[in-house]
Amino acid sequence: MTTSESATSAPATSPDASLRAADAPVKPLLSALKVRKSYGGVEVLKGISLAVDPGQVMCLLGPSGSGKSTFLRCINHLERIDGGRISVNGELVGYAQRRDRIFEMNPREVARQRRGIGMVFQRFNLFPHMTALENITAAPIGVRRISKQKARERGLELLDRVGLANLAQFYPAQLSGGQQQRVAIARALAMDPKLLLFDEPTSALDPELVGDVLDVMRTLAADGMTMVVVTHEIGFARGAADVVVFMDGGVVVESGPPAVVLDNPQSARTRVFLDSVM
Amino acid sequence: MTLTSPVRTGQASEVDPDDIVAVPLRHPWRWFLAVFLLIGFVSLGISLWQNDNINHPTITEFIFNPRILSGVVLTVLLTVVAMLVSTFLGVLLAVMRLSNNPVMNTLAWLYVWAFRGTPLLIQIVFWGYLGLLYAQISLGIPFTDFTIFSVDTNTLIPALTAGLLALTLNQAAYSAEIVRSGMLSVDEGQYEAAYSVGMSPVFTLFKVVLPQAMRVIIPPMGNETISMLKNTSLLSVIAVLELYTVATQISSQNLRQVELLLVVSCWYLFLTSILSIPQYYLERYYGRGKARTLPPTPFQRVRALLRHTPINVRRTESQDAS
């Protein structure tokens, strides 16, 4: 309901246009505008505004509790926002706008919208009762209604792409953490998303397995996939990100190219955080 | 063998000096208890066997009696139909109970409250005597005289249907709670992962949540199936011709109550033993992906045992010794 309030109070077009003018001439794939979210009276997102252009990689950094994971989960409507706007590919997430009124989407419409937004979780969340290949093909077969044969071929191709072609018939419990996470990436890719969200994808991994997952993510970035990555891997952010955003206390403290935010931070809070993780 | 005779480190060169070589702890009381119980059971068996009040030929005469067998068939049929329908209803109720829809939620809660809160025996009698409450059952538009059809209650619901209805509706309340507990055991991350690849709530339920919940649901449902098989005997109060009713009818003619109770008990024991076989295989099927390797089935175990011919075993033993 707050969403409709802010819709009437702040015309959606003008700040959108200013963002576009400031950043790039292309239309952003993801744009967030003054996004607010509270849990039981505690405001965890206090007006986040961001834009990601097609093909860009954005890394969200920040101390735990800064709201970066919550923001990521708002992008595919796993969490409802209390205020502001999030749109992906020009479409409002979780809401439909007809004339000047905003309507809540029903679960099936939200599901349709989520097909274009892939997500990779910290704890992998693979379906334990399915093999690696079945994990990847379940949604294309069941949701997209692609033929089993085609989905299988595509699934094997994706497994090959993440370097696990020989493990198609293994169950998640039989795979290492790094292998599970790479299957999870392949599962997200199988729906041909325009945008991929990563929620601390390497935080639950043994240190020696982190590299394999980051390699896959670097390849994806190089192939032009639009990605938003919540991570603590400063090295990855420096190498792969186009934009680095530092969040703290539910606000964006600093954002810009990695060379600026990571090597020459303007804010004291950013500097303190970077000193503690590097 | 080596354990019973402690070997000192200096004497045997092939024994690692770090190995603990100790006399195993003895358990004399286990032997005492086992012998004591064995004597008790044997004497109980002998006293039953020699009891003049039990007519053994009656047991052998009636165990495969056609009337008893028809009772067995009906008992099994009642169990299977009631379990299948009640499981379906139970899943429906559990989903309703967990849904965000307050109407569905309350309806499911009320159902479970009513059917779990009254004794099964009373429910059976109630359905059996429904004709006393409503002599006619009609379908029409409420608050008008318009009726599509009207039928005598006792014609529509004979004793068998009433019994089946009572067992099914009562069991659905219990099954609903079991299914609900299974669904609650599925990690929240599974829903999120399913939603993130664009699955709808219904698709997520059938493809992701229920298959995982089954692992938790099946053991208590096995329990419920065994209970159901035995609870069918309660239908004797409304004269459904299942196993126990048939047995009481026979014993009221030949006055061999104890013998027929033994016949019936043998059949119930046999049937409940059979029921544990499908449960084992269902548990195994839904447990896939949970363990890294599935345990072998009993058949696989037997096959593995046969592969270990005595010659093979002896060879491995001699290899161990050397």
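The set of residues from the range A:135-155 being surrounded by fewer than 18 Cβ atoms within 10 Å (Cβ to Cβ) and either within 22 Å of residue B:213 (Cβ to Cβ) or small (Gly, Ala, Ser) (or both) comprises just one member, A:147. I'd like the residue in the range B:16-57 that is more than 33 Å from the chain's Cα centre (by Cα), surrounded by fewer than 10 Cβ atoms within 10 Å (Cβ to Cβ) and closer than 23 Å to residue B:260 by Cα and, out of all such residues, is modelled with the highest pLDDT. That would be B:50.
For the range A:79-110, the set of residues classified as within 20 Å of residue A:45 (Cβ to Cβ), in contact with an Asp or Glu (Cβ under 8 Å, 6 or more places away or on another chain) and without any contact (Cβ under 8 Å) to a residue 40 or more places away in the chain consists of A:94 only.
Considering the range A:141-173, and only residues there that are facing chain B (nearest Cβ under 9 Å) and within 27 Å of residue A:107 (Cα to Cα), the residue that is farthest from the chain's Cα centre (by Cα) turns out to be A:142. No other residue among A:127, A:103 is within 22 Å of residue A:38 (Cα to Cα) and more than 19 Å from the chain's Cα centre (by Cα) apart from A:103. Among the residues of the range A:176-196, the ones that are away from chain B (no Cβ under 12 Å), basic (Lys, Arg) and farther than 14 Å from residue A:215 by Cβ come to 1 in all.
Taking the range B:242-252 as the range and being crowded, with 18+ Cβ neighbours inside 10 Å and in contact (Cβ under 8 Å) with a residue 12 or more places away in the chain as the test, the residues that pass are B:242, B:243, B:244, B:245, B:246, B:247, B:250. Which of (1) among the aliphatic types (A, V, I, L, M); (2) surrounded by 11 or more Cβ atoms within 10 Å (Cβ to Cβ); (3) more than 23 Å from the chain's Cα centre (by Cα) is the odd one out, the single condition residue B:255 does not satisfy? Against the list (1) among the aliphatic types (A, V, I, L, M); (2) surrounded by 11 or more Cβ atoms within 10 Å (Cβ to Cβ); (3) more than 23 Å from the chain's Cα centre (by Cα), residue B:255 comes up short only on (2). Please verify whether residue B:171 is touching a residue at least 12 places away in the same chain (Cβ under 8 Å), buried (at least 18 other Cβ atoms within 10 Å of the Cβ) and within 12 Å of chain A (Cβ to nearest Cβ), treating the condition exactly as stated. No, not satisfied. Could you check the range A:214-272 and list, in sequence order, the residues that are under 15 Å from the mean Cα position of the chain (by Cα) and of a type in the set (Asp, Glu)? Selection gives A:242 alone.
Number of residues in the range B:74-91 that are without any contact (Cβ under 8 Å) to a residue 24 or more places away in the chain and surrounded by 12 or more Cβ atoms within 10 Å (Cβ to Cβ): the value is 3.
Residues in the range B:98-108 that are part of a helix (DSSP H, G or I) and either modelled with pLDDT of 95 or more or out of contact with any helix residue (DSSP H, G or I) (no Cβ under 8 Å at 6 or more places or on another chain) (or both): B:102, B:103, B:104, B:105, B:106, B:107, B:108. One residue stands out among those in the range B:187-220 that are free of Cβ contacts under 8 Å to residues at least 60 places away in the same chain, crowded, with 20+ Cβ neighbours inside 10 Å and more than 7 Å from every other protein chain (Cβ to nearest Cβ): the one that is nearest to residue B:84 (Cα to Cα), which is B:217. Inspect all residues belonging to the range A:257-265 and state whether any of them is touching a Phe, Trp or Tyr at 6+ places or on another chain (Cβ under 9 Å) and either modelled with pLDDT of 95 or more or not hydrophobic (A, V, I, L, M, F, W, C) (or both). Within the range A:257-265 (the criterion being touching a Phe, Trp or Tyr at 6+ places or on another chain (Cβ under 9 Å) and either modelled with pLDDT of 95 or more or not hydrophobic (A, V, I, L, M, F, W, C) (or both)), the answer is yes, since at least one residue qualifies. Condition test on residue A:141, is it modelled with pLDDT of 90 or more, in contact with a Lys or Arg (Cβ under 8 Å, 6 or more places away or on another chain) and farther than 22 Å from residue A:225 by Cα? Yes; evaluated as a whole, the condition is true for this residue. In the range A:91-140, which residues are touching a strand residue (DSSP E or B) at 6+ places or on another chain (Cβ under 9 Å), more than 11 Å from every other protein chain (Cβ to nearest Cβ) and not charged (D, E, K, R)? Scanning the range A:91-140 gives A:92, A:93, A:94, A:95, A:96, A:97, A:102, A:103, A:105. Taking the conditions (1) modelled with pLDDT of 95 or more; (2) crowded, with 17+ Cβ neighbours inside 10 Å in turn, residue B:113 satisfies each one other than (2). Any residue that is touching a Ser or Thr at 6+ places or on another chain (Cβ under 9 Å) and more than 20 Å from residue A:115 (Cβ to Cβ) - is there at least one of those in the range A:192-201? Yes, the range A:192-201 contains a residue that is touching a Ser or Thr at 6+ places or on another chain (Cβ under 9 Å) and more than 20 Å from residue A:115 (Cβ to Cβ).
The values are calculated or read from the model by the stated rules, or taken from the named source; none is laboratory data. Fair warning: this is a prediction, and the values are worked out from it, not measured in the lab. Quick reminder, even Gly has a Cβ in these numbers, built from the backbone with ideal geometry, and neighbours come from all protein chains shown.
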